[in-house]
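No lab work stands behind these numbers, since they all come straight from the coordinates. On a predicted model such as this, the values are computed, not experimentally measured, just so you know. Neighbour counts are summed over all protein chains in view; Cβ atoms, including those assigned to glycine, are modelled from backbone coordinates with ideal geometry.
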Amino acid sequence: MPPAASELLDENDRAALRAHGLSEKEALGQLELFANPPERIRLERPATRGDGVEIVEPAEHEELLSLFHSASEKGRLSKFVPASGAATRMFEAFLSLRKDDPSADLARWESRTPPDPRASALAAFRDGLPRFAFFPALREAVAARGEDFDALAGQGRLGPILAAMLDADGLGFATLPKALIPFHFDGDASRTPFEEQLEEALATVPSGAGPTRVHFTVSSDARDLFREALAAALRTRQGIAFDVGFSEQSPATDTLAADEKNHPFRDASGALVFRPGGHGALLANLQATAGDVVLVKNIDNVQHRSRRETTLLWKKLLAGFLLRAERNRKDHDRPLRVCGVVRNEGEPGGGPFWVTGRDGRATLQIVEAAEVDISSPEQKAILSGATHFNPVDLVCLLRNPSRHPYDLARFVNPSAVFFAKKSKDGRELKALERPGLWNGGMAEWDTHFVEVPVETFSPVKTILDLLRPAHQPL
């Protein structure tokens, strides 16, 4: 007979759970999800123009901007930016390439048969070098190692340049938070997405009642780096009042890893293995900001300052749209969100759909492909029929008309979890992520989808994205 649930944990395990802030009941519930996964989300149909995706006409701009400015004067606006991710994925192709060939000799890679996609990435990197905002710092880092940058680049011997960019004894980009990588040229200087988000906040969440409020979620090992970056940013913005907060993902949001039997996965010493709970764990951080009207945006979705007028306008319009919806709705028993969505141009990620709930009612949800049973031809066809994409461009109402905060945990769909296969010490494990922040984490919110211009969406997933027009000066 399989062991009883309570027999899966001993006193050392219970002590480890307490140290994480997790109850035994919750831990056993996580293991039960591995053994008996909840049903996949059932898609009804894609949300499309006129059927779930709303269009803001030019004639509405004046009204929405007026509502935005009124809320600004009352100090209702703030901004929330998840920024804890490392930049490792930006450089994934080059990290992989260096393992195979530390010299990163371009001619050798371009002569490979069959062609290797990393060769074209390496060539694009070499050709675009002067256009990267970190180019001056990279030249200095290479020179500090006694190398001739121009000779290396000209001959296509890129190994020393990659080493100076990625390694800890150089610029250290491989492990630096993505928020602190130089993205854009600003005259003779450069700007990180952290700085760009602060600058954007001055226009999109100004406060007539005090400083501009921005909150960043960061990793614990990078908090000091962010504080230094903030101090440097404030020195160049004398006379501008910011209220910048930092928070970390709570250990209480971590989840237990499981083995092939759906028992707790243990490391070589026999200790429980915990894993981060995914971006859905940040719901508690959002709640803790005590915000009212909160704009949410990913750290890497920024544009060069010379190209962001469209973004600034539409953030204000989305806020105005939410404020109009707040004014017009009859029931105020749940949080409200307005999600900007862009026309689907093949970007990976979630999109807006009508979803059939457990009560049989269809509601608007952001859905990721991983949440859908694509073995069903019907569900796969609905998923592939999406006309819009979720760029994580949200405006959230976190307080009711009496300005009391909603308890956001009440409006989560606990079944909308994510499963993944990972490894530790050469052994495969099962990982569990909590319902995503803008997926299951907001499943029971009142939701509006609004189409926004694609120009407002310019994420940086790889280093070569920085060569796109949105990240280059006009």
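Given a cut-off of 28 Å, name the pairs among 178/316; 79/421; 330/380; 99/461; 315/422; 178/380 whose C-alpha atoms lie farther apart than that in the structure shown.
Over 28 Å apart, Cα to Cα: 79/421; 330/380; 315/422; 178/380.
Per-residue 3J(HN,Hα) values for the range 427-432, derived from phi via the Karplus relation 6.51 cos²θ - 1.76 cosθ + 1.60 with θ = phi - 60°, read 10, 6, 9, 9, 10, 10 Hz in sequence order (x marks Gly and Pro).
Quick one: order 84, 207 by neighbouring beta-carbon count within 10 Å, fewest to most. Intermediate values should be presented prior to the final figure.
Working: 84 26, 207 19.
Ordered from fewest to most neighbouring Cβ atoms within 10 Å, 84, 207 come out as 207, 84.
For the pair residue 306 and residue 39, the difference between a 0.36 nm per residue extended length and the Cα-Cα distance amounts to 91.5 nm. Annotation: extensible slack from residue 330 through residue 225 equals 33.2 nm (criterion: 0.36 nm per residue apart, minus Cα-Cα distance). Here 74, 178 are placed in order of increasing Cβ neighbour count within 10 Å, fewest first, which gives 74, 178.
Counting Cα-Cα pairs of the range 37-193 in 5 Å increments starting at 0 gives whole-percent bin shares of 2, 7, 12, 14, 13, 9, 8, 8, 9, 9, 7, 3, 0.
As a rough footprinting exposure proxy, the listed residues 474, 67 were ranked by other beta carbons within 10 Å of their own, and the order from fewest upward is 474, 67. Would you please give the FRET efficiency between residue 374 and residue 419, computed as 1/(1 + (r/R0)^6) with r the Cβ-Cβ distance and R0 = 22 Å, to the nearest 0.05? After rounding to 0.05, the efficiency reads 0.95.
Name the residues of the range 175-205 whose amide N is less than 17 Å from a point 7 angstrom out from the Cα of residue 232 along the C-beta direction? Residues passing the 17 Å test: 175-199.
Take every Cα pair under 8 Å whose residues are at least 6 apart in sequence, average their separation, divide by the length of the chain, and the relative contact order is 24 percent.
Simple spin-label estimate for residue 402 and residue 271 gives 4.6 nm between the two label positions (7 Å along the Cα-to-Cβ direction from each Cα).
Rounded to whole numbers, the Karplus 3J(HN,Hα) couplings from phi for the range 299-314 are 4, 8, 8, 9, 10, 4, 4, 7, 10, 10, 4, 5, 4, 4, 4, 6 Hz, using 6.51 cos²θ - 1.76 cosθ + 1.60 with θ = phi - 60°, and x at Gly and Pro.
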